[in-house]
Amino acid sequence: MASGTPTRTTCPYCGVGCGVLATPQEDGSVAIKGNERHPANYGRLCSKGSALGETLSLDDRLLYPEVDGRRAAWDEALDRVARRFSETIVEHGPESVAIYGSGQLLTEDYYVANKLMKGFIGAANIDTNSRLCMA
């Protein structure tokens, strides 16, 4: 994105799909406003959509896996998660685990999460903040 040129995009929060105009600023930040021509919101944004520009910085974000407070390789971190899930399921059964997904997941991500939880693990303990947070 060139500085000052708005990019039409979609808000990543709830499933409404509000139109957003994201305009890069000289200081590296991004100005956000609702797209007045978008039929889902006609320029209006909720408090979360209005604050999108504040979420774009990499400051204070975890950019790599950590295990026990130290930087770890992806394989090590993912193996640990898989092992702990397996151990928990063996010891306490499939109903002992759950997935609470983000409203920012794409449809394909929801599909995979549901297949993992219901098809592979064998429990229906899956929900998202799309329903709870945006209600």
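Taken together, the values in this text are just the output of simple stated rules run on the coordinates, not laboratory data. Predicted model, so just to flag it, every value in this text is computed and none were measured. For neighbour counting, all protein chains shown are included, and Cβ atoms are generated from backbone atoms with ideal geometry for every residue, glycine included.
Key figures for this structure:
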| quantity | calculated |
| --- | --- |
| Structure-derived P(r) over Cα pairs in 10 Å bins from 0, in percent: which label, when the choices are (1) 12, 36, 30, 15, 6, 1; (2) 11, 29, 23, 17, 10, 5, 2, 1, 0; (3) 11, 27, 30, 22, 10, 1 | (3) |
| Neighbour cut-off at most 11 other Cβ (10 Å), DSSP loop, trypsin sites (Lys or Arg not before Pro), the stretch 40-105 | 61 |
| Helix 74-92 vs. the chain, principal-axis angle (Cα, 0 to 90°, nearest 10) | 50 degrees |
| Contour minus Cα-Cα distance for residue 16 and residue 107 (0.36 nm per residue) | 31.5 nm |
| Alpha-carbon centroids, the stretch 1-44 and the stretch 85-132: separation in whole Å | 31 Å |
| Counted charge near residue 3, where neighbours are those whose Cβ lies closer than 15 Å (Asp, Glu -1; Lys, Arg +1) | -2 |
| Pair residue 96, residue 68: separation of 7 Å Cα→Cβ label points (nm) | 2.2 nm |
| Computed [θ] at 222 nm, helices only, for the chain once each DSSP H run of length n ≥ 4 contributes -39500 (n - 2.57) | -7000 deg cm²/dmol |
| Approximate spin-label separation residue 9-residue 58, in nm, with each point projected 7 Å along Cα-to-Cβ | 1.5 nm |
| Built amide H within the under 5 Å cut-off of residue 67, gap 5+ | 72 |
